[in-house]
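*Asks:* Sharing a structure, written as structure tokens. Questions coming.
The values are calculated or read from the model by the stated rules, or taken from the named source; none is laboratory data. All values derive from a computational prediction rather than experimental measurement. A quick note on method: Cβ atoms are made from the backbone with ideal geometry, for glycine too, and the neighbour counts reach across all protein chains shown. Side chains included, ligands, DNA and RNA excluded: accessible areas come from the protein's heavy atoms. Shrake-Rupley method; radii C 1.70, N 1.55, O 1.52, S 1.80 Å.
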Amino acid sequence: MRLVPRPDPVRDPVRFVDQRLGAGSLLRSTLRYVFPDHWSFMLGEIALYAFVMLVATGVFLSLNYVPSDETVTYTGSYAPLQGRTMGAQYESVLRIVFDLPAGNLLRQTHHWAANVFVVAIALHLARICLTGAFRRPRELNYLVGVTMLALALVEGFLGYSLIDDLLSGMGLAIAYSVAGSIPFVGGDLAILFWGGEYPGSSAIWPRMEILHVLLIPVAIGGLLTVHLVQVIRQHHTQFPGGPRGERAVVGTPLWAAYALRSIGLFLIVAGLLLLLGGLVQINPIWLWGPYETALSTNGAQPDWYLGWLIGALRLMPPLEVRFGDYVAVPNPFWGGALYPLVVFGILYLWPWIDKRRWGDRARHETLDRPRDNPRRTASFAALATWVFVILFAGSVDRFAFRTLISYEAQIWFLRGAAIAGPVVAYLVTRRLCEELRARERHPLRGWSGEVVRARDDGGWAAQPEEAPTDEAAGEAAPPR
Amino acid sequence: MSESRLRIALAWIGLRLLRRLRPRRRAQEPPAPRRAEPPDALARETPSTPRAELLVAALLLVGALAAAAFVVLYVVRPDTQLLGLCLGGALVICGIAAAFAGKRVVPQETASEPYEQLADERKVDDVGAIVREAGEGVSRRGMLAAAAGLAGATIGAAAVVPVASLGPAVGDRITATPWRRGRRLVDSEGRPLRPEQITEGTVVLAFPEAADRNTLDAPVMLLRFAPEELEMSAARRAAAPGGVIAYSRICTHASCAVSMYRHPLHPATAPEPALVCPCHFSTFDPRRGGAVLFGPAGRPLPQLPLQVNAAGELVAAGGFIGQVGPSYAGERETEA
Ligand code: HEM
Ligand code: FES
């Protein structure tokens, strides 16, 4: 008989924690926490993991970045710029790129991660909006999510503005002008934040740095925690069918299968971002040189997630509101401030618009498929079309050089498309959803055409359609 | 390390791993059943096979090698591409191993967990009652609330006001420019510019002599047209001696440098000459006082009046006609 119990590498540490925090039941329920299985649920996770990579690479960058515009002469190892005078901030980024081992890998990975982060959030948001996951009881978490998206856009812009290369200077000049265009307060606001007329006082550099490396990441991190705690409290939504209903969530428990899959997803996301960062050049700041107010370059494109703002600024006709010599609304306000405010306003109100429209205030744990609610899906398609037509307008100059279709003609076409596109998208999507719902067929899976056979008399006849199989019809009962 | 030694080392590692990975199920005791919690699994299977386990181990091994290669490369040859390939590859391969293990090695379970009943009307009532209890025996609630509101608002204002210390007020800083009557125009090397240097079909960038260049008010562009081509007021034309005319370099839309010049080479078909901003393609007409031809800019490009001094150099004849740079909401603009 043993008097001393055998050491147990699992139970002992759990006991240690449990004796001190009484956390045993929390640990137990965490390990058994159930995740529904659907690919679209990975989008939020991908955003989370891209954020982890942003923080990891960002810490490295922030420890080497110098937030100062003090003039220095470049003596680093990149020959074309040697001897050139530039700001200390630009010089510090050149040092990260050329003179720190793995510096450019981590910088480019950071930039790629920012792009992937916003893609993942946008797709995650699309899945939430299209499936009705925002309905009661998840409205608060929806608001948290939209706020994170807005913060992510600002954060990305600040990130590449910190460098003071030619592109960041051009972007900041536009941001300054948009800030200056906000009715009544704009002029004072822009001068206040920049510490003077653009390019502003030296104070702008530490201000932007603190926002980018501290305030906004901490805000996103805090919201992320709130977001995930709410998800755990409310559990995930799920697509209905079989045992999956309104009462219980069905899926894979966290331990061990889901944990391993999720760790796998994290490593794959992180690895792909590093592969991109190592192999695919992004924002080659050494090619642009330092910014001066008198310089700009043709064909400059911001990161994709800001393209919609550039596009809106470009499409806007030269409209300003003036009373005599008093400037009420300068032009950049429409495209640079009002347009994103309207888009985000719609996104913020989405759950309440939806409640109004359907008079549906009930609690929902199961999701609609996009086709189940054709008008909701069509509305989202219209909003997305509005944003993406305008995003495309952000790069028509590139398109004009490729196709030699005149720039002005394209702008006029896109002005029309920005208005007509959403209407068309609404009608087409609604029809598509109704058809899909009527036939109960998956758009990507299986045959959905008609069989046409030659008749004996030489004409053609469509085979009569087969009735949908029981399996397809039983998958989910189309509501209403 | 010589090649043969390397081979021996690898073989040894391989052998050790193989030995560890040989399935040894006999030795395993079944896990003790859970005690406190009823089993909630709807379905459970244990899919692991020796092959799957070996594959996971092999993937992890390859991942480990790639990660080790990253460390070595970091020291001997920190090349961005190779570093990215090694570390990214290591993570992707290990990620595939983990995901595969999550699907094919550990037990696969489908479990169910009830959604919690979140709302409870009794608790809502209780919270309401508890909050209200604070008012018991207090007679002048309105007065207290008003006083507290006032204190809160003023403290809030006191907390916000220091934001104004971030920067100066608008006003002079925007309207003041370095351009004065008689100030010479110099090129980017600081050499004075003469009218002969400005030829038709080109744009010459110029700055005020002995002033900060990196501001919105400083840089201007010089162009030359035949004087009769300039369709503008007599005063403006007089400010373009011999057809040499100067405009602010900064776009009146959103402060970018107007760095493109559309100069028609085949006048019959090509559009008119224009100054074009690469940011949102505001297009300005240099022969008509910088008027907007296309694009979002709401104001013409400001013209800088020029003179030729006694030494035959270009100098400013005064400040800009029109306000330089973007418009600011809530400001008064000096008129063109
Ligand atoms: C910083 C960016 C974000 C991260 C890292 C993130 C992460 C996550 C994760 C990991 C989940 C759980 C799994 C899933 O359903 O995919 C989740 C759920 C959720 N997210 Fe996000 N998210 C972000 C942005 C957003 C945005 C922009 C929205 C707004 C539409 C949003 C709304 C929601 C909602 C409502 C849920 C719960 C829905 C459900 O369980 O089905 N999230 N998020
Ligand atoms: S800044 Fe020149 S067009 Fe917008």
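*Asks:* For the range A:252-264, enumerate the residues that are within 19 Å of A:Arg233 (Cβ to Cβ) and either more than 27 Å from the chain's Cα centre (by Cα) or of a type in the set (Lys, Arg) (or both).
*Replies:* The one that is within 19 Å of A:Arg233 (Cβ to Cβ) and either more than 27 Å from the chain's Cα centre (by Cα) or of a type in the set (Lys, Arg) (or both): A:Pro253.
*Asks:* Take the residues in the range A:231-254 that are open to solvent by 30 Å² or more (accessible area, probe 1.4 Å) and outside any helix (DSSP H, G or I); name whichever of them is modelled with the lowest pLDDT.
*Replies:* Here the residue is A:Gly242.
*Asks:* When the range B:280-310 is examined, which residues are found to be over 17 Å from B:Val324 (Cα atoms) and within 16 Å of ligand 2 (Cβ to nearest atom)?
*Replies:* B:His280, B:Phe281, B:Leu293, B:Phe294, B:Gly295
*Asks:* Another question, then. Are any of the residues in the range A:357-369 within 22 Å of the chain's Cα centre (by Cα) and in a helix (DSSP H, G or I)?
*Replies:* no
*Asks:* Do any helices (runs of 4 or more DSSP H) lying entirely in the range A:139-230 carry at least 1 residues that are more than 16 Å from ligand 2 (Cβ to nearest atom), and which ones are they?
*Replies:* A:139-161, A:186-194, A:204-210
*Asks:* Quick check on my filter: what residues within the range B:308-323 are modelled with pLDDT of 95 or more and either within 16 Å of ligand 1 (Cβ to nearest atom) or in a strand (DSSP E or B) (or both)?
*Replies:* Of everything in the range B:308-323, those that are modelled with pLDDT of 95 or more and either within 16 Å of ligand 1 (Cβ to nearest atom) or in a strand (DSSP E or B) (or both) turn out to be B:Val308, B:Leu314, B:Val315, B:Ala316.
*Asks:* When the residues of the range A:189-216 are narrowed to those that are open to solvent by less than 30 Å² (accessible area, probe 1.4 Å) and aliphatic (A, V, I, L, M), which ends up nearest to the other protein chains (Cβ to nearest Cβ)?
*Replies:* That would be A:Ile191.
*Asks:* Determine the pairs where a residue that is under 20 Å from A:Phe344 (Cβ atoms) and free of Cβ contacts under 8 Å to residues at least 60 places away in the same chain, located within the range A:123-138, has a partner that is near ligand 1 (Cβ under 6 Å from one of its atoms) and in a loop (DSSP other than H, G, I, E, B) with Cβ atoms under 6 Å apart, the partner being 6 or more residues away or on another chain.
*Replies:* From residues that are under 20 Å from A:Phe344 (Cβ atoms) and free of Cβ contacts under 8 Å to residues at least 60 places away in the same chain, the pairs are A:Ile128/A:Phe134.
*Asks:* Looking only at the range B:285-324, which residues are away from chain A (no Cβ under 11 Å) and open to solvent by less than 10 Å² (accessible area, probe 1.4 Å)?
*Replies:* B:Asp285, B:Pro286, B:Gly289, B:Gly290, B:Leu301, B:Pro302, B:Gln303, B:Leu304, B:Leu306, B:Leu314, B:Val315, B:Ala316
*Asks:* Pull up the range A:267-281, narrow it to residues that are part of a helix (DSSP H, G or I) and more than 7 Å from chain B (Cβ to nearest Cβ), then point me to the one that is surrounded by the most Cβ atoms within 10 Å (Cβ to Cβ).
*Replies:* Among those residues, the one meeting the criterion is A:Leu273.
*Asks:* Which residue out of A:Gly186, A:Gly264 is open to solvent by less than 30 Å² (accessible area, probe 1.4 Å) and at pLDDT below 95?
*Replies:* When all the criteria are applied, what remains is A:Gly186.
*Asks:* Determine whether the range A:67-76 contains at least one residue that is touching a strand residue (DSSP E or B) at 6+ places or on another chain (Cβ under 6 Å), assigned to a loop (DSSP other than H, G, I, E, B) and among the acidic types (Asp, Glu).
*Replies:* yes
*Asks:* Of all residues in the range B:192-209, count the ones that are open to solvent by 60 Å² or more (accessible area, probe 1.4 Å) and in contact (Cβ under 8 Å) with a residue 60 or more places away in the chain.
*Replies:* Summing the residues that are open to solvent by 60 Å² or more (accessible area, probe 1.4 Å) and in contact (Cβ under 8 Å) with a residue 60 or more places away in the chain in the range B:192-209 gives 1.
*Asks:* I'd like to check something: does the range A:315-336 contain any residue that is assigned by TED's automatic domain parsing to the domain that holds A:Pro199, under 19 Å from the mean Cα position of the chain (by Cα) and not in a loop (DSSP other than H, G, I, E, B)?
*Replies:* Checking the range A:315-336: at least one residue is assigned by TED's automatic domain parsing to the domain that holds A:Pro199, under 19 Å from the mean Cα position of the chain (by Cα) and not in a loop (DSSP other than H, G, I, E, B).
*Asks:* Separate question: Which residue is modelled with the lowest pLDDT, if the candidates are limited to the range A:287-342 and must be more than 16 Å from ligand 2 (Cβ to nearest atom) and facing chain B (nearest Cβ under 7 Å)?
*Replies:* Here the residue is A:Asp325.
*Asks:* Would you say A:Met42 is within 13 Å of chain B (Cβ to nearest Cβ), of a type in the set (A, V, I, L, M, F, W, C) and either open to solvent by 70 Å² or more (accessible area, probe 1.4 Å) or within 16 Å of ligand 2 (Cβ to nearest atom) (or both)?
*Replies:* yes
*Asks:* Follow-up. Restricting attention to the range A:241-266, which residues are within 7 Å of chain B (Cβ to nearest Cβ) and basic (Lys, Arg)?
*Replies:* Once the filter is applied, which keeps residues that are within 7 Å of chain B (Cβ to nearest Cβ) and basic (Lys, Arg), the range A:241-266 yields A:Arg247, A:Arg261.
*Asks:* Can you tell me which residue in the range B:245-264 is farthest from A:Val178 (Cα to Cα), limited to those that are surrounded by fewer than 23 Cβ atoms within 10 Å (Cβ to Cβ) and more than 16 Å from ligand 2 (Cβ to nearest atom)?
*Replies:* The residue in question is B:Pro264.
*Asks:* Here is a follow-up. Return the only residue of B:Arg140, B:Arg180, B:Arg224 being surrounded by 15 or more Cβ atoms within 10 Å (Cβ to Cβ) and charged (D, E, K, R).
*Replies:* B:Arg224
*Asks:* Within the range B:224-237, is there a residue that is more than 16 Å from ligand 1 (Cβ to nearest atom), in contact with a Lys or Arg (Cβ under 9 Å, 6 or more places away or on another chain) and among the small types (Gly, Ala, Ser)?
*Replies:* The answer is no, given that none of the residues of the range B:224-237 is more than 16 Å from ligand 1 (Cβ to nearest atom), in contact with a Lys or Arg (Cβ under 9 Å, 6 or more places away or on another chain) and among the small types (Gly, Ala, Ser).
*Asks:* More than 25 Å from A:Phe399 (Cα to Cα), among the hydrophobic types (A, V, I, L, M, F, W, C), crowded, with 16+ Cβ neighbours inside 10 Å and without any contact (Cβ under 8 Å) to a residue 60 or more places away in the chain: does that describe B:Leu230?
*Replies:* So B:Leu230 fits the description; yes.
*Asks:* Continuing with this model, one more query. For A:Leu162, are the conditions met, namely being more than 17 Å from the chain's Cα centre (by Cα) and within 14 Å of chain B (Cβ to nearest Cβ)?
*Replies:* No, not satisfied.
*Asks:* Report yes if A:Ala256 is touching a helix residue (DSSP H, G or I) at 6+ places or on another chain (Cβ under 8 Å), away from ligand 2 (no atom under 16 Å from the Cβ) and free of Cβ contacts under 8 Å to residues at least 12 places away in the same chain, otherwise no.
*Replies:* When the stated conditions are applied, A:Ala256 passes them.
*Asks:* Please specify each residue of the range B:117-143 satisfying the condition of being outside any loop (DSSP other than H, G, I, E, B), charged (D, E, K, R) and over 30 Å from A:His235 (Cβ atoms).
*Replies:* Across the range B:117-143, the qualifying residues are B:Arg132, B:Glu133, B:Arg141.
*Asks:* Can you pull out every residue in the range B:110-133 that is touching an Asp or Glu at 6+ places or on another chain (Cβ under 8 Å) and either at pLDDT 95 or above or among the charged types (D, E, K, R) (or both)?
*Replies:* B:Glu113
*Asks:* B:Glu189 fails exactly one of the following numbered conditions: (1) open to solvent by 60 Å² or more (accessible area, probe 1.4 Å); (2) more than 14 Å from chain A (Cβ to nearest Cβ); (3) not aliphatic (A, V, I, L, M). What is the number of that condition?
*Replies:* If we test B:Glu189 against (1) open to solvent by 60 Å² or more (accessible area, probe 1.4 Å); (2) more than 14 Å from chain A (Cβ to nearest Cβ); (3) not aliphatic (A, V, I, L, M), just (2) comes out false.
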